[in-house]
1. Checking Y294 against (1) part of a loop (DSSP other than H, G, I, E, B); (2) closer than 18 Å to P226 by Cβ; (3) modelled with pLDDT of 95 or more, only one condition comes out false. Which one?
2. Regarding A200, is this residue at pLDDT 95 or above, within 16 Å of ligand 1 (Cβ to nearest atom), open to solvent by less than 50 Å² (accessible area, probe 1.4 Å) and not in a strand (DSSP E or B)?
3. How many residues does region 356-414 contain that are of a type in the set (A, V, I, L, M) and free of Cβ contacts under 8 Å to residues at least 60 places away in the same chain?
4. Is there any pair linking a residue in region 25-43 that is more than 12 Å from ligand 2 (Cβ to nearest atom) to one that is open to solvent by less than 10 Å² (accessible area, probe 1.4 Å) and part of a loop (DSSP other than H, G, I, E, B), with Cβ under 6 Å and at least six apart or on different chains, and which?
5. Select the strands (runs of 3 or more DSSP E) contained entirely in region 366-420, then report the ones holding at least 1 residues which are under 23 Å from the mean Cα position of the chain (by Cα).
6. Are there any pairs, at least 6 apart or on different chains, whose C-beta atoms fall under 7 Å, with the first in region 179-197 and away from ligand 2 (no atom under 11 Å from the Cβ) and the second aromatic (F, W, Y) and open to solvent by less than 20 Å² (accessible area, probe 1.4 Å), and if so, which?
7. Among the residues of region 1-28, count how many are assigned to a loop (DSSP other than H, G, I, E, B) and either among the polar types (S, T, N, Q) or open to solvent by 40 Å² or more (accessible area, probe 1.4 Å) (or both).
Amino acid sequence: MIKVLKFGGTSVGSARNMRRVADIVKQEGAKITVLSAMSGTTDALVRIVKMAAEGQLQQIEEQLSALTEKYSTCIGELLEETYAGTAMALMNEKFDLIRREAAAFKPYTSERMIIAQGELLTSAIFAAYMAQSGVKVELLNAPSFMLCDVDGKVDTKQLAAHLGTLTADENTQYVTQGFICTNFRGEIDNLGRGGSDYSAALMGAAIGADEVQIWTDIDGMHNNDPRYVENTYPIHKMSFDEAAELAYFGAKILHPATIQPCKDHGIAVLLKNTMDPQAEGTRISGSDDDSRAYHAVAAKDGITLIRICSTRMLMAYGFLRKVFEIFEQHKTPIDMITTSEVAVSLTIDNNANLEAIVSELKELGNIEIETDNTIVCVVGHMRHDEAGLAARVLDSLRETPIKMIAYGASHRSLAMLIATPYKKQALQSLNDNLFQPC
Ligand code: ASP
Ligand code: MG
């Protein structure tokens, strides 16, 4: 069985955890191991980028000295002398590169270059440890085969061709970086925060893997967000479509783009816990073997509601097309939409082009904007020919003002928009009313 294993930042966050990861990789016989940067690294690098943009070079030294402490401790605890020497030299080289990029900061390119160093360093340390433990291992440079086009999409044909040859030796285990890639200008870039899961899915599809395993520090996808809600439980089996809805609507355990390549190629996705490898975790596959009406709840913050009121919409056709075209021009996807006879409300999660969008929408009618909202989405099998299923969800939220409801597009989800301060209360009361631990 061909397996691609991906480990998140906490899983490789210390020498102790890296040893656990190495045991899992050996036991599972991973063909490719895809790694995030050690926990906290990307956040620190993002801070460095902000400081570099503002010319705060002294503050950057503080960040780098914390990173030096973290990485050199890990190297010292994990690696024997010769391997440790090489790893320390690489670390110093990377941090010097960051200093140079910060001192001659170029907005996009330096930012991407700085942010990429976490994955590059972490994967090199881990590969060295594998080699030290006697494994035949090869470290692959992801930006040499994760090549993106103008729209930031990875060229999957080239990926399959490159990676197929690069990983041809059956007796070698391969280690590489998640998250990073090369953009259409040939510069180092990334797939967006949390993008390592997506890297693993694309690599799995490219080499015809049977399984992509995503290892984190929680025992699978839970029925609700354990950070806000008491008495959640892991779901052991889930369909691709359900997992995609949950990931898209905020389940932090999985990057939302991960599911599609796996679904397209029939590759099972396993969500497993590095800290407790025996725990069953969640298996996501094509077989839809759960028919419960309510399977899980997810929430996504940072949502902006845009309401367009126009009497020109009354009995008119083509109005929605004009609205959608504006969002398309500004490359801004719409999450939820509801319409009435004279108004349409929709939500977006990316405000980068909000001002430009609003100024064009004003041509169509009166515009109202509300920021700081949360989409709460119940996922399950809410059959449209069964009475009471939507009612029970809404009844659970009796105490919560609801701004928008999206239901009926598929039987899989019922999404509601609420103001973010009501999120915790809404998630808890959905949990209390719709779920019993299994
Ligand atoms: N290290 C990157 C991040 O923190 C990518 C990832 O972990 O998936 O966003
Ligand atoms: Mg992640």
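The values are calculated or read from the model by the stated rules, or taken from the named source; none is laboratory data. Owing to the predicted nature of the structure, the values given are computational and were not obtained by experimental measurement. Quick reminder, even Gly has a Cβ in these numbers, built from the backbone with ideal geometry, and neighbours come from all protein chains shown. Keep in mind that these areas ignore ligands, DNA and RNA; they rest on the heavy atoms of the full protein, side chains included. Shrake-Rupley method; radii C 1.70, N 1.55, O 1.52, S 1.80 Å.
1. Of the numbered conditions (1) part of a loop (DSSP other than H, G, I, E, B); (2) closer than 18 Å to P226 by Cβ; (3) modelled with pLDDT of 95 or more, the odd one out for Y294 is (3).
2. Working: at pLDDT 95 or above: yes; within 16 Å of ligand 1 (Cβ to nearest atom): yes; open to solvent by less than 50 Å² (accessible area, probe 1.4 Å): yes; not in a strand (DSSP E or B): yes.
Yes.
3. Of all residues in region 356-414, those of a type in the set (A, V, I, L, M) come to 356-358, 361, 364, 367, 369, 375-376, 378-379, 382, 387, 389-391, 393-394, 397, 402, 404-406, 409, 414.
Next cut, free of Cβ contacts under 8 Å to residues at least 60 places away in the same chain only: 356-358, 361, 364, 387, 390-391, 394, 397, 402, 409, 414.
Result for region 356-414: 13.
4. Sorted first by the residue in region 25-43, then by its partner, the pairs are M38/V12.
5. On the way: elements: 366-379, 404-407, 413-419.
Correct list: 366-379, 413-419.
6. Going by the 7 Å Cβ cut-off, the qualifying pairs are N190/F179; L191/F179.
7. From region 1-28, those assigned to a loop (DSSP other than H, G, I, E, B) are 1-2, 8-14; that's our starting set.
Among the residues that remain, those that are also either among the polar types (S, T, N, Q) or open to solvent by 40 Å² or more (accessible area, probe 1.4 Å) (or both) are: 1-2, 10-11, 14.
The number of residues fulfilling the criteria is 5.
Residue by residue, here is whether (1) open to solvent by less than 20 Å² (accessible area, probe 1.4 Å); (2) within 15 Å of ligand 1 (Cβ to nearest atom); (3) not β-branched (V, I, T) holds:
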position: G186; (1), (2), (3): no, no, yes
position: N190; (1), (2), (3): no, yes, yes
position: R193; (1), (2), (3): no, yes, yes
position: D217; (1), (2), (3): no, yes, yes
position: D225; (1), (2), (3): no, no, yes
position: E230; (1), (2), (3): no, no, yes
position: E245; (1), (2), (3): no, no, yes
position: N273; (1), (2), (3): yes, no, yes
position: S287; (1), (2), (3): no, no, yes
